[in-house]
Number of protein chains: 8
Amino acid sequence: MTWSVYLSGEIHTDWRETIAAGARAADLDVRFSAPVTDHAASDDCGVAILGAEGDKFWHDAKGARLNAIRTRTLIEEADIVVVRFGDKYKQWNAAFDAGYAAALGKAIVVLHQPEHQHALKEVDAAALAVAETPDQVVAILLYVIDGKLAGYKDT
Amino acid sequence: MTWSVYLSGEIHTDWRETIAAGARAADLDVRFSAPVTDHAASDDCGVAILGAEGDKFWHDAKGARLNAIRTRTLIEEADIVVVRFGDKYKQWNAAFDAGYAAALGKAIVVLHQPEHQHALKEVDAAALAVAETPDQVVAILLYVIDGKLAGYKDT
Amino acid sequence: MTWSVYLSGEIHTDWRETIAAGARAADLDVRFSAPVTDHAASDDCGVAILGAEGDKFWHDAKGARLNAIRTRTLIEEADIVVVRFGDKYKQWNAAFDAGYAAALGKAIVVLHQPEHQHALKEVDAAALAVAETPDQVVAILLYVIDGKLAGYKDT
Amino acid sequence: MTWSVYLSGEIHTDWRETIAAGARAADLDVRFSAPVTDHAASDDCGVAILGAEGDKFWHDAKGARLNAIRTRTLIEEADIVVVRFGDKYKQWNAAFDAGYAAALGKAIVVLHQPEHQHALKEVDAAALAVAETPDQVVAILLYVIDGKLAGYKDT
Amino acid sequence: MTWSVYLSGEIHTDWRETIAAGARAADLDVRFSAPVTDHAASDDCGVAILGAEGDKFWHDAKGARLNAIRTRTLIEEADIVVVRFGDKYKQWNAAFDAGYAAALGKAIVVLHQPEHQHALKEVDAAALAVAETPDQVVAILLYVIDGKLAGYKDT
Amino acid sequence: MTWSVYLSGEIHTDWRETIAAGARAADLDVRFSAPVTDHAASDDCGVAILGAEGDKFWHDAKGARLNAIRTRTLIEEADIVVVRFGDKYKQWNAAFDAGYAAALGKAIVVLHQPEHQHALKEVDAAALAVAETPDQVVAILLYVIDGKLAGYKDT
Amino acid sequence: MTWSVYLSGEIHTDWRETIAAGARAADLDVRFSAPVTDHAASDDCGVAILGAEGDKFWHDAKGARLNAIRTRTLIEEADIVVVRFGDKYKQWNAAFDAGYAAALGKAIVVLHQPEHQHALKEVDAAALAVAETPDQVVAILLYVIDGKLAGYKDT
Amino acid sequence: MTWSVYLSGEIHTDWRETIAAGARAADLDVRFSAPVTDHAASDDCGVAILGAEGDKFWHDAKGARLNAIRTRTLIEEADIVVVRFGDKYKQWNAAFDAGYAAALGKAIVVLHQPEHQHALKEVDAAALAVAETPDQVVAILLYVIDGKLAGYKDT
């Protein structure tokens, strides 16, 4: 079985590549998906394709709804949803994705620094794992998918 | 992941071919499906296979129910449902398909000319995108599936 | 058990009142619901409450989405959905409601004149009854809910 | 039918009371529910009932999971979920609730000031209405539940 | 909690009345429902309300679909579905109801004479109880709903 | 897309082979499944594998429940369920399968001789097609899956 | 809203009464349900009602399936499922109920002594709260339903 | 169709290998999955990857929740869930898995020695087969998937 893992949230660091590289190195049978990570394209896709809007609200609405075609489809198709919160921005879309995945019964892994712990307590409470580094996410996938845990003999 | 896109609605122009050709040109990993687009076959399939009816109502009922085997199965299997409204006919079946897809939580793209905007407002309100041309639908698929948007560097 | 019946579609004749009066006369245990039937309010509700829009598309979008709060909630809550198609207008919202109800597995009764029979064949094919008059709908409710059929002794 | 409305999000102003008072004044058939709005109790409930934790992470986890018994049950039971974002705090729990409600197909109304518009675009895109004031929410409920719209004759 | 029990199947003996009388005598908090049990009305309801058909197939189709409005709604609303097979007729509708209830996860009680045991083995295999008499069904309801079992002290 | 078709019901004639041969001849992209059609094995599988039973009821129960592992899994996996009623036996399992498939929203095709028409009216009413011969079922599959209808030019 | 709480598991102490008394004292709007707690009746109900079995396996099967009519219906109807593990017996039915409730997305509260902590870790991991005493469960209900927490001012 | 079979429960004997070897010998089209069967890794995975915990409860909670990512995903993906109870330990996780699978409507096969029969009666009652040896499970799979039963001619 090929596991499907959706990588939601922060788009300004290379955490997705780190996880994908780790999974490749471990030869995991996994397929990753993600939102469009080009910030400008993600913001403008609606008006770029469907026509300009004078009002910023509708500019954003058109784009956000286009992005939702991708994100909701991929979350629904995923076995595991990893949601990363970074250091900047409101990142309400990441928390929205976590809630969306939770209601669908997806296995959720949250990835964030300790300083966000209190603010993210409701999101963490819906997760099956709370990690701090992409390497921990790789270790989780390695264990969960292949049953391998460093230092344990039979795995 | 191969995306599945159902192309519902108007059957008298070549909009489906335009979209399929655009997707092929972009080498998208997508599978299109559609209702039977031969108008006469679609009308007569029930009686042609299962026997003639004297009453037009049952003639139509037999055909419509056969077509439903195809259309409902394919809509349920689709990730995205594109519904096109043309210039002629009542096209209640297109609106029915849109409602059916909406209740299943499918991502809906509506495709119609501006003159139908007011009459289609409830259908549009259930869509994640409202387009006017098949080329816009191709651009949407290109963005949604492959994350590519003309003029944006990283995509 | 109180049955819940949603009366969708045409808003320019008094067919809803006819059905409600018939149900009352028969003392049926039924609760009717419906969309907002004031055409102007239904068109303008979005901008009246949430602020004007310069573009007719967004004017309509705001209204249609507000109306959807009511209509989708009530359709989901209904046991039976009656959808009436009148003589005028495109009435795509009525067909949309029928499709929405069909995907939810609701019992659907369609109400229309014979001249629309061919154009409505896909909608009719999803219905458990196709009626021509409000009185027939009352008779259906009387039979379905109370088991009473005029001229039959035990019912 | 009694409508059920869940009021999620910001807990430091009296917006819930404003909405409830407006609904009462209009004699709406509606039942409101909400998270526990005492900030301290909400933070400490887990350890207060189930025993202290030395580690803040588990202190918060215990509380957040207790609160989830209430919030998830009430969101699932609601017809409409109103989510308010205030001026302060990360409010990831509000966005989480919105995502949770969206995946369940609930009708969502978002309530926030214009300055959060861009950051909330994904949440707004999942909503059927975006309001700026509690009074607008009251007007929405009045229209959606009772079909009444100020200035329109038949409603 | 009021339990809802649907009594499906054979309509030529008074087994439903026996069960209802037993439940009343035990003061059980239960609501019974059933198909229309007037055989003639059940056969003719479609044409009586919606107009005659020359072809027996459509005569029956119209009636069966009207009856389905009642039966499917009530089965979906039931907690327990009791299906009785009598001595005569094909009774495929009873087996159909059992399959319908099974797929919905309803608790099924089958009621039939021993001579049908082999022919009904697939239906029995989907049931949580197989009874031979209406009195046994009453005893089941008394135990399941009120926890009372003749001869046992604490119940 | 490979369509999945489950062939339920009568096991004493070669109708399944006729349909499969027709589909092969037409090069349809379809996968057929069916219950175990060896009558003796189907009756005895439970006790043959899990140990003899003195009581015929439990002999049958063990077998029927083993068969249910196969039949329910395959029905749930199917796009189309064809249910054939033959000339002999009660065939309550066929009607049960039809009800099971109906509640799951599967497209149902019923296959039976005209003499069973009245007794099967409830089952037929849940079907999207009622055929009399296996060749008609092949024609339905050819039309529904490939859009081909003999004598119609574009299909 | 009346909350529905199912009290699963151990039947040899009066923990259910303790919880119910606490809820009554706090005037909580809650309805409790439970399995039949008379051990002998629970074991024998199947044969007592439906006839004796020579084989203990079928004696137990008949009883367990009757009990399942009650337990599965009440778990499905519940908002919160409390599962208590006592000091004796295997109590696999309690763990089964917990798994059943978890798959349905119910809010689960587990109640057990510290010595079972390791053996119950998978069950605890599916719960939103793990308590040691019935009084803690009362406090949880008081907080979750009424928002009251001893020592906190606004609640 | 490749059948998916999840092998839950006891991890101290080689029953999984016996079943897999039998399936391979019979050339069955089946894919097996299982929890991580290295006891130590299963206990420690949470802290090994995500950091040590001073409190055994949280040590276990972290591990159990990581394991749940694997087990719940694989149970949801399975067609058949085999649950084995061994001679030792509480094995509440096995019963939990059975309940979880039951609520999802999975076909369940329970595998245990006769001495556990009474204690497992609720679990057995939810199963479609109760076996005592891995070889019986192989025979079940051979029959259910390929229709082959030793000693029966046509299968």
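The values are calculated or read from the model by the stated rules, or taken from the named source; none is laboratory data. Quick caveat: nothing in here was measured; it's all calculated off a predicted structure. Glycine gets a Cβ as well: all are built from the backbone with ideal geometry, and neighbour counts include every protein chain shown. The protein model used for the area step is the full one, side chains on, heavy atoms only, and it has no ligands, DNA or RNA in it. Shrake-Rupley method; radii C 1.70, N 1.55, O 1.52, S 1.80 Å.
Note on E:ALA40 and C:GLU77: their simple-model spin labels are 4.1 nm apart, each label 7 Å out from Cα toward Cβ. Between amide H atoms placed 1.01 Å from N, distances below 5 Å from A:TRP3 occur with A:VAL30, A:ARG31, all of them 5 or more places distant or on a separate chain.
Pairwise Cα distances in the protein assembly as shown exceed 63 Å for 5 percent of all pairs. The residues of segment G:1-48 occluded by other protein chains by 20 Å² or more of accessible area, set against the chain on its own, are G:MET1, G:TRP3, G:ARG31, G:VAL36, G:ASP38, G:ALA41, G:ASP43, G:ASP44, G:CYS45, G:ALA48; surface from heavy atoms, 1.4 Å probe.
Residue-wise HN-Hα couplings along segment B:29-35, as the Karplus relation 6.51 cos²θ - 1.76 cosθ + 1.60 with θ = phi - 60° gives them from phi, are 8, 9, 10, 9, 9, 6, x Hz; Gly and Pro carry x. Here the chain F residue lying nearest the rotation axis onto C, judged by its C-beta and given with the distance in whole angstrom, is F:GLY105, 3.
Taking the alpha carbon gyration tensor of segment C:57-155, what are the square roots of 5 times its eigenvalues, largest first, to the nearest whole Å? It would help to have the intermediate numbers written out before the result.
Working: eigenvalues 157, 57, 25 Å².
Those come to 28, 17, 11 Å.
Starting from the Cα gyration tensor of segment C:96-153, take the square roots of the eigenvalues, sort them a ≥ b ≥ c, and report rounded, prolate or oblate (rounded when a/c is under 1.5, otherwise prolate if a/b is larger than b/c, else oblate). The partial results should precede the final answer.
On the way: a/c = 2.98, a/b = 1.52, b/c = 1.96.
Here segment C:96-153 falls in the oblate category.
Summing charges over neighbours of B:GLY46, with a neighbour being any other residue whose Cβ is under 11 Å away from its Cβ, gives -1 when K and R count +1 and D and E count -1.
A loss of 50 Å² or more of accessible area (1.4 Å probe, protein heavy atoms, ligands and nucleic acids excluded) relative to the isolated chain is seen in these residues of segment C:85-100: C:LYS90, C:TRP92, C:PHE96.
Can you tell me the dipole magnitude for the protein assembly as shown around its Cα centre, using point charges on the Cβ only (Lys, Arg +1; Asp, Glu -1), in Debye to the nearest 20? Write down the numbers at each step before the final one.
Working: 120 positive and 184 negative charges, 0 e Å.
Computed charge dipole of the protein assembly as shown: roughly 0 debye.
Backbone geometry of segment F:65-78 corresponds, through the Karplus equation with coefficients 6.51, -1.76 and 1.60 at θ = phi - 60°, to 3J(HN,Hα) couplings of 6, 5, 4, 5, 4, 6, 5, 5, 4, 6, 5, 5, 7, 7 Hz, x marking Gly and Pro.
Tilt of helix A:15-25 relative to the longest C-alpha principal axis of chain A, in degrees (0 to 90, nearest 10)? Taking Cα atoms only, the helix is inclined about 40 degrees. Seen from D:ASN67, the other residues with C-beta closer than 13 Å to its C-beta sum to a net charge of -2, counting Lys and Arg as +1 and Asp and Glu as -1. Computed over segment H:46-120, relative contact order equals 27 percent, with contacts defined as Cα pairs under 8 Å that lie 6+ residues apart.
Once all Cα-Cα distances of segment F:25-68 are split into 10 Å bins that start at 0, what whole-number percent is in each one? With 10 Å bins starting at 0, P(r) equals 26, 40, 15, 13, 5. Across the accessible surface of the protein assembly as shown, with the other protein chains kept in place and a 1.4 Å probe, carbon and sulfur atoms take up 49 percent. Given a 1.4 Å probe and the protein chains as shown, H:LYS106 ends up with an accessible area of around 40 Å². When only Cα pairs below 8 angstrom with a gap of at least 6 residues are kept, chain E shows a relative contact order of 26 percent.
Once G binds E, the 1.4 Å probe can no longer reach about 1900 Å² of accessible area, counting both sides.
Solvent exposure of segment B:1-129, expressed per residue, is 33 Å² of accessible area, with all protein chains present and a 1.4 angstrom probe. Between B:SER8 and B:VAL82, B:VAL83, B:ARG84, the built amide H atoms are under 5 Å apart, and every one of these is 5 or more places off in sequence or on another chain.
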